[in-house]
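Peer 1: After the C-alpha cells below, expect a handful of questions from me.
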Amino acid sequence: MTPHALFPMPPEVTQVILGGGSPIDLDSLRIHSPGEARNFALNYGYDMDVPVQRAAVMRVYEDAVDFLEAVVLEGTSLHVPLEVRDLPDPLDLLVWASDRPRNLRGRWSCAILRVMHTLFHVDHNVNLRFLPEIQRQVFSRYDQYLVCEEGRWFLRGAYEVPLVAMERKENKDRVSMLLKMLHKPENVAETIYDQIGIRLVAEDQLGVLMVIRFLLDHHVLMPTHIKPSRSRNLMIDMEALAAWSEATPPFFRIQDLGPEERQALSQTLAIKGPGKDQNPFSSKDYSAIQFTARTLVRLPSPATRALETLQERLQTMGDTELSDLVRIPELIQDQEEFTFFFAHEVQVMEQSGFQSSRSGPASHSEYKQRQRDAARRRVLQGILQEEPC
C-alpha cells in the first residue's frame, strides 16, 4: 500500500466541513488526473459513461458558460477564454481547477464549476417539477378572500380590509435563482424560500397590521407554520405597538379614527431606522414586514395518473373486462397522496414603501444589481482586478 500523507488537512475539511463555509468558495480542487475527475463526477451523481448523464453534464456546462457571458460578465471587459469553453469533455475543468501553481486557466475553470454546481442544484430541485400545482394550492388560500372591484383590491371575509395593491410572485426564473444562490452561503435551491410569494400593500402601518390580523383570523396564515428564522420586521416599532395596545380602550375600532389621528398613530408605530434583520442586498429605504409561511401541499401519486390513462385507453378500446380483471379502479384508490410542506414568502407593505420599491435605491432593479455584483465577486475570485490572486 502506497503511503499517503493525511496532514495537513485540505481546505475541504478546514473550510467546509469544520469551518462551515461553502464549497463554491474553495479556490481550487485536488483532482490531478482524468481518472480522478471521472470518479469525482460519478460520486457527485453523474456517470460519464452513460450517454444521457453525460449529455446532461454537457448541457449544464454550456449553460454555465452562457450565464457567465450574459449575466456575470455583463458590463465588464472580461470574456470566458476560448481555452475553457466549447470543451468536448468538461471533466477537464476539474483537473485544471486543481493546477498548482495557480494560473488563469485554473481560475476560469473554478468560475465555470461554481456556476455548474449551482445549476445542478437548481435543476434537481424536486419542487420545481410540481410548481404549477403547488402555486395553485398556495394561492387558493388567499384567492378565496381577495376581491377586486373597480380596480381596487380588498380582503373580504368576516370583515373587510382595503388594499392599495396586490402582487403575486409566481416563480423565479432560472437566472434569478442562479443569482440568488450564488450569493447565498448555503448555495442550494432548497433554501430559496421565495420561489413563489405574495405581496399585499396597505394604506399605512395600521393597515399593515389589519392585513396580518385578517390573514390570521381567517386561517390563511397559520402561526404554527411560520418559519421563525425567516421573519423580518422592517416597519413596526414593537415597543410602541405594545404601549399603544395596552392603552387602547375596550371596543376600539380603527374606523373611528379621523385621517389626522390615523396618520399620527401610524407614524408613532413606524420603526425608526433600519431593522436589525435588514437583508444586506436591500436598500436601507426598504420597508416591509416579510415572513415565510409553509403550506401542506397534497399531490396525487405519480402512479395514479398512469393508471387513469391506462383505464381510459382500455375504455376507448372497449375492453372494460381487462380493466376490471387487473382491478385498475381499486389500484387507483390504493395510491397514497404525496404530501409535503412548501414554503412561500409573504410581504406586507404600506403604500409609501411600496412606491419607493418601484424606483431609487429600494427598487427591485437596484436590488438585483447588488445581487449581480455580489455573485460576480464570488464567482470570479482571483480573476477580477480587485480580487487578490
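Peer 1: Any idea how far apart Gln351 and Phe7 come out in nm if each label point goes 7 Å out from Cα toward Cβ?
Peer 2: 6.9 nm
Peer 1: Evaluate E = 1/(1 + (r/R0)^6) for Val52 and Arg136, where r is the Cβ-Cβ distance and R0 equals 30 Å; express this FRET efficiency to the nearest 0.05.
Peer 2: 0.45
Peer 1: Arranged from highest to lowest average of other beta-carbon atoms within 10 Å per residue, in what order do the peptides 199-209, 157-167 appear?
Peer 2: Details: 199-209: 22.0, 157-167: 14.9.
Output ranking for 199-209, 157-167: 199-209, 157-167.
Peer 1: Now for a separate question. What does the extension gain come out to for Asp373 and Arg298, with contour length at 0.36 nm per residue minus their alpha carbon separation? If you can, show how the numbers build up before the last one.
Peer 2: Details: separation 75, 0.36 × 75 = 27.00 nm, distance 3.88 nm.
So the extension gain works out to 23.1 nm.
Peer 1: Once Lys and Arg get +1 and Asp and Glu get -1 on their Cβ, which of Phe251, Phe354, His4 lies farthest toward the positive end of the dipole of the chain?
Peer 2: About the Cα centre, the residue reaching furthest to the positive side is His4.
Peer 1: For the chain, take the longest principal axis of its alpha carbons; what is the angle in degrees between that and the long axis of helix 238-247, to the nearest 10 within 0 to 90?
Peer 2: Tilt relative to the chain: about 20 degrees.
Peer 1: Right, another one. Check Glu350: other-chain or 5+ apart residues with amide H under 5 Å from its amide H, H built from backbone geometry?
Peer 2: Result for Glu350 returns Ala202.
Peer 1: So how do 302-312, 249-259 stack up, highest first, on mean other-Cβ count within 10 Å?
Peer 2: 302-312, 249-259
Peer 1: What value, in deg cm²/dmol to 500, does the helix sum -39500 (n - 2.57) over DSSP H runs of n ≥ 4 give at 222 nm once divided by the residues of the chain?
Peer 2: Values: 14 runs with 159 residues, N = 389.
After summing the helix terms and dividing by residue count, I get -12500 deg cm²/dmol.
Peer 1: So for each of 105-112, 80-87, 314-321 I average, over its residues, the number of other beta carbons within 10 Å; can you give me the resulting order with the highest mean first? Please list the in-between numbers first.
Peer 2: Numbers: 105-112: 23.4, 80-87: 14.8, 314-321: 10.9.
The packing order, highest mean first, is 105-112, 80-87, 314-321.
Peer 1: List, in the order given, every pair from Lys169/Lys368; Lys180/Lys272; Lys227/Lys368 whose Cα-Cα distance in the structure shown is over 21 Å.
Peer 2: Lys180/Lys272; Lys227/Lys368
Peer 1: Note the full-extension length gain between His219 and Asp319 as 0.36 nm times their separation in residues minus their Cα-Cα distance, in nm to one decimal.
Peer 2: 31.2 nm
Peer 1: Moving on to the next point. Hey, with R₀ at 25 Å, roughly what FRET efficiency would Glu246 and Thr339 work out to, going by the Cβ-Cβ distance, to 0.05?
Peer 2: Calculated transfer efficiency: 0.05.
Coordinate-derived values only; no laboratory data. Keep in mind that what you see is a predicted model, and the values were worked out from it rather than measured. Cβ atoms come from the backbone with ideal geometry, glycine included; neighbour counts cover every protein chain shown.
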